Structures are given as structure tokens and as C-alpha cells.
1. Which is in a helix (DSSP H, G or I), modelled with pLDDT under 90 and not small (Gly, Ala, Ser), of Lys121, Lys133?
2. Can you tell me which condition Glu75 does not meet? The list is (1) surrounded by 18 or more Cβ atoms within 10 Å (Cβ to Cβ); (2) without any contact (Cβ under 8 Å) to a residue 12 or more places away in the chain; (3) of a type outside the set (A, V, I, L, M, F, W, C), and all the others hold.
3. Can you give me the number of residues within the range 92-112 that are aliphatic (A, V, I, L, M) and farther than 12 Å from Ile66 by Cα?
Amino acid sequence: MAKSLVEMAADIVQAQGSTKDMSLEEMQSALQKTFETLQKLQNIESGEATEVTSTDAPKISPQKSILKNKIICLECGQEFKMLSTKHLRSHDLTPREYRVKYGFSLRQPLCAKSLSEKRKKSGKERGIPDALKKAIAARKKKTTTPAKKTTTRRRTVKK
């Protein structure tokens, strides 16, 4: 008896999961993508669909595109550790435009959560937050202290 698409997709993802560490979110995403791909292939085989479009935008919400070990580009669906400026330029976007287009905060890092945490930890070890606080405090102190008035003296020349 032939296997259903769900069973085939589950077998494929199970084989992939046995060779690679995958989180629950990654397994769910892989299962869904595999099922959709098998469904498209079945439709093409039966003649219902005439072409495969690989440029379809992924059907994932922006908040779910940033995972623990990867980030999914919402333009093309590729997975990365970090969305580089070079990659976004291939979609004619800047990081700022990408964030605005998909509703991210302008301070949201465009990288995997694990990479962001690693950077944060490294910065704390180097004392960056303390140095930043001192710099901000010094800047505030400069702007709140009124500047001294300088007076010019005129010299009188004796004749």
C-alpha cells in the first residue's frame, strides 16, 4: 500500500533529525515545508499544476522567522545565522527597510537568537555595558553644566 504524503514527509524529517540536532520549531517547520513540497510535486505529476515556483515568499510570520539557531529571510525563504547587508542588497533592501517592511523593531538584531546571546555575553565580559553607562553619564554632565563666560580684556597702551 502506498504511503500518504504526511507519512512520507514524516519519514524524510525523521531521517534528517537523526543526523542533525533539530529543535522542535525546526522539526515543525521542516515537516511543513517537506509536506508542501511533496504536495506540489504530486500536483505537478497529476497535471493539476503546470510549474514549480521557487521564488514564492515563505508563509511564515516575521516573529517566527527568528529562531534559536537560524533566521529565515522573509523575502526568499533561505536560512542563515545572520541576514547580512549583502544578502539584503540582493533583494534591493537595506537592513532598516527590511525591519520596517516586516514590522521588526529598528533595534532588533537580524541574526539567530543564539548568535545574539553569544554577542551579548561577549560584550558583558569585555565590560562594554559599564563603559557605555560611564560615557552616557559623562555626556549628560557636559550638556547640563553651563559653559563659563569668557570676557575679553582690552589693553590700554600708554603713550
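The values are calculated or read from the model by the stated rules, or taken from the named source; none is laboratory data. Since the structure is predicted, the reported quantities are computational estimates derived from the model, not experimental observations. Cβ coordinates were reconstructed from backbone atoms using ideal geometry, including for glycine residues, and neighbour counts include every protein chain displayed.
1. Lys133
2. (2)
3. Going through the range 92-112 one residue at a time, the tally reaches 3.
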